[in-house]
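Since the structure comes first, as structure tokens, the remarks are kept for the end.
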Amino acid sequence: MTRTNFRDELVHVSALQEYVYCPRRYYYQRYHDQIATPYELVDGRSKHAAQSRRGGWTRERYFRSDTLGLHGKIDLVESDRGSLTPIERKRAESGDYYPSDEVQIAAYCLLLEEAIGEPVNVGYIYLYSTDERHAIHITEEHRDAVSKIVSRIQSMSVDSIPPFTDNPNKCNGCSAREYCMPAETAQLEPERAQGTGWEDHA
Ligand code: SF4
């Protein structure tokens, strides 16, 4: 049976990233069973599987926190002169990372610092496409963003569908598009597409 909301449940870190990309897509992923797994996620998993057969890193460490309302598995944890830093690897064909990736690494930093009882103010995003890693300095804004998104996800309910994204470019290739139908809605119910960028398609 589909649960109607997330209250009192831990939110998986990957859900934060999905929510930042588009709350509506996250809604469909949460409440509908038939949405195809995005290619990037599948590809990322296969790369992770390949990496995990090599040696040398502390990898795939699971953390959970009732205080943060979060749980998730950190891809890699780097240890350097006594400090621990989470690393998240991305396929990133664009050659760059996104705000949603920053939220994800911030959430891992928060989970890690609660687990070890010490501040973790830096995480790394490694991009396969450029073979570079980027240091993300975790700010109060990152911390607030994680907390707010966890609250929003926990208060979601099946009978309240989030609005369309305000960036229609995100809809290209979106795995939930056949359920969401932004173009069709803009044509049939243009008032529901106001302020989304899809009103131009009416
Ligand atoms: S089609 Fe666009 S608005 Fe609809 S869920 Fe996907 S990204 Fe969001």
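Each reported figure results from applying straightforward, stated rules to the coordinates on display, with no laboratory input. Computed from a predicted model, the values in this text were never measured in an experiment. Quick reminder, even Gly has a Cβ in these numbers, built from the backbone with ideal geometry, and neighbours come from all protein chains shown.
Of note:
- Computed over the stretch 163-202: relative contact order in percent, which uses C-alpha pairs under 8 Å that are six or more apart: 45
- Ratio Rg/Rh [Cα only; Rh per Kirkwood] for the stretch 163-202: 0.91
- Base-10 log of normalised Debye intensity for the stretch 99-154 (one unit scatterer per alpha-carbon) at q = 0.18 Å⁻¹: -0.61
- Reduced Cα scattering model of the stretch 113-197, Debye log10 I(q)/I(0), q = 0.15, 0.26 Å⁻¹: -0.88, -1.22
- Residues Cys174, Cys109 arranged by fewest to most Cβ contacts within 10 Å: Cys174, Cys109
- Scalar couplings 3J(HN,Hα) for the stretch 89-99, obtained by applying the Karplus form with A = 6.51, B = -1.76, C = 1.60 to θ = phi - 60°, are 9, 10, 5, 6, 4, 5, x, 9, 10, 10, x Hz; x denotes Gly and Pro.
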